[in-house]
Each structure stands twice: as structure tokens, then as C-alpha cells.
Amino acid sequence: MQALTVYCGSYSGNSQCYTEAAQRLGSCLAERRITLVYGGAQVGLMGILADSVLGSGGQVVGIIPQPLNQPNLVHQGLTRLEVVDSLHERKSRMLALGDGLMALPGGFGTLEELFEALAWCQLKLHQKPCGVLNVNGYYDGLMSFLDRATQQEFLTFQNRNLLLHAATPEDLLALMLKPNDD
């Protein structure tokens, strides 16, 4: 894996554990020489993650849509910043640049980006590993929901297993880097 696309919140959350997880992921990526591809902002977990990668000597590519290309929002110290026309183009570009996709805690935008990537994987439009960093049990409810969707036969077992999850960056990266048995 040369580049990892990470979806995460533009807020930091109400617990220091989220900040620490983003910082730890950033260090892990830099140590492994994996380029971070993310939404290009300097705020929330997005900014914390980018700062951690950069501070550890890593590379960061930000993708920002023109309407959000504002000095108070855009990270000014990135390795590379791409300005695209729309949110749709941003998602497509982020997916194209990453060899894998990961979500840290976040809100609607994070979930929307993650689920689009998962749906595209289900449709075999890509075969990149997708995972959630389940910091402090943040995604426990989502995992339960997906298990219920599988039990109710709205998801196949194979498609349910497209979403990897772990509580630490190291464990999730190990799952994502594991060769696919299919």
C-alpha cells in the first residue's frame, strides 16, 4: 500500500482518545511510508491527522472542492493540494488515489464517503480494503447494524465482511495489508 484514503471528522469529538488515535494513525502512516490522502482541511480530526503525518516526515495529499477552498479551512502545509470542482469529484479523486480506505470517527460526511466506497466495492468497481478505526467503541453501533442487516438478508456475509474494523491504527493497518484470500 502506497497511499491510504482516510475519511474523518471536521470536528475533534469530545474525548482526547479521538485526537490521540488520529495522531497515532498519522505516525503509523509516516513510519510505513504510506501517503495520506484526505479531504484537505486543517480543522478537526482531519487537521490533526494531516499534522501528525507531516510532523512525522510523511506525505499528505489533500483534495478540496472549490466551494470549501477557503484560507480558514484549507490546510496550508500539505505536500500537495488538489482543488476540484465538487464534492462528487473530491470523493472520486480520493478513491482513485488511495490503495485502501479508512474511516476515523466522524459525522454524516465521513459515513457518506465510507458507504459510497463500500457500495462501489460491493459492486466490484474497486477491490481496495475498507476499514473503520473503532476508537473507544465509536463504530460499535454501526457494526451491530451491519450484523443485523446480514441476519435479515439485506447484506450477504461476504459483503458484510468488506468492512474491516479494529480499535487501534496498527491492528487496522495489519488487517488492511493482509493478502486477500479470495
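The values are calculated or read from the model by the stated rules, or taken from the named source; none is laboratory data. Small disclaimer: the values here were computed from a predicted structure and weren't measured. Counting neighbours? That spans all protein chains shown, and the Cβs are built from the backbone with ideal geometry, glycine included. Side chains are part of the model used for accessible areas, which takes the heavy atoms of the whole protein and leaves out ligands, DNA and RNA. Shrake-Rupley method; radii C 1.70, N 1.55, O 1.52, S 1.80 Å.
Below is a table of values for the structure above.
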read-out: Where A149 falls short, out of the listed (1) over 23 Å from L25 (Cβ atoms); (2) modelled with pLDDT under 95; (3) among the aliphatic types (A, V, I, L, M); value: (2)
read-out: Complete set of residues in segment 138-158 that are crowded, with 17+ Cβ neighbours inside 10 Å and out of contact with any Phe, Trp or Tyr (no Cβ under 9 Å at 6 or more places or on another chain); value: Y139, L142, L146, L155
read-out: Filter result for T110 (among the hydroxyl-bearing types (S, T, Y), under 15 Å from the mean Cα position of the chain (by Cα) and surrounded by 15 or more Cβ atoms within 10 Å (Cβ to Cβ)); value: yes
read-out: Filtered residues of segment 108-145 (kept if out of contact with any Gly (no Cβ under 6 Å at 6 or more places or on another chain) and not in a helix (DSSP H, G or I)); value: L123, K124, L125, H126, Q127, C130, G131, V132, L133, N134, Y138, Y139
read-out: Neighbours by Cβ (under 7 Å, 6+ apart or cross-chain): first from segment 2-25, more than 17 Å from T168 (Cα to Cα) and modelled with pLDDT of 95 or more; second open to solvent by 30 Å² or more (accessible area, probe 1.4 Å) and of a type in the set (D, E); value: Q2/D99; A3/D99
read-out: When residues of segment 1-25 are limited to those that are within 12 Å of the chain's Cα centre (by Cα) and not in a strand (DSSP E or B), the one surrounded by the fewest Cβ atoms within 10 Å (Cβ to Cβ); value: G9
read-out: Lone unmet requirement of (1) within 15 Å of L101 (Cα to Cα); (2) hydrophobic (A, V, I, L, M, F, W, C); (3) in a helix (DSSP H, G or I) for V61; value: (3)
read-out: Residues that are open to solvent by 10 Å² or more (accessible area, probe 1.4 Å), under 19 Å from L173 (Cα atoms) and either small (G, A, S) or touching a helix residue (DSSP H, G or I) at 6+ places or on another chain (Cβ under 9 Å) (or both), drawn from segment 26-50; value: S27, A30, R32, T35, M46, I48
read-out: Which listed residue is of a type in the set (D, E, K, R) and part of a helix (DSSP H, G or I), from E153, E82, E89; value: E89
read-out: Which listed residue is under 28 Å from I48 (Cα atoms) and modelled with pLDDT under 95, from L162, L87; value: L87
read-out: Those residues of segment 92-107 which are part of a loop (DSSP other than H, G, I, E, B) and open to solvent by 60 Å² or more (accessible area, probe 1.4 Å), in sequence order; value: D99
read-out: Selected residue [surrounded by 15 or more Cβ atoms within 10 Å (Cβ to Cβ), over 15 Å from the mean Cα position of the chain (by Cα) and free of Cβ contacts under 8 Å to residues at least 24 places away in the same chain] from L87, L123; value: L87
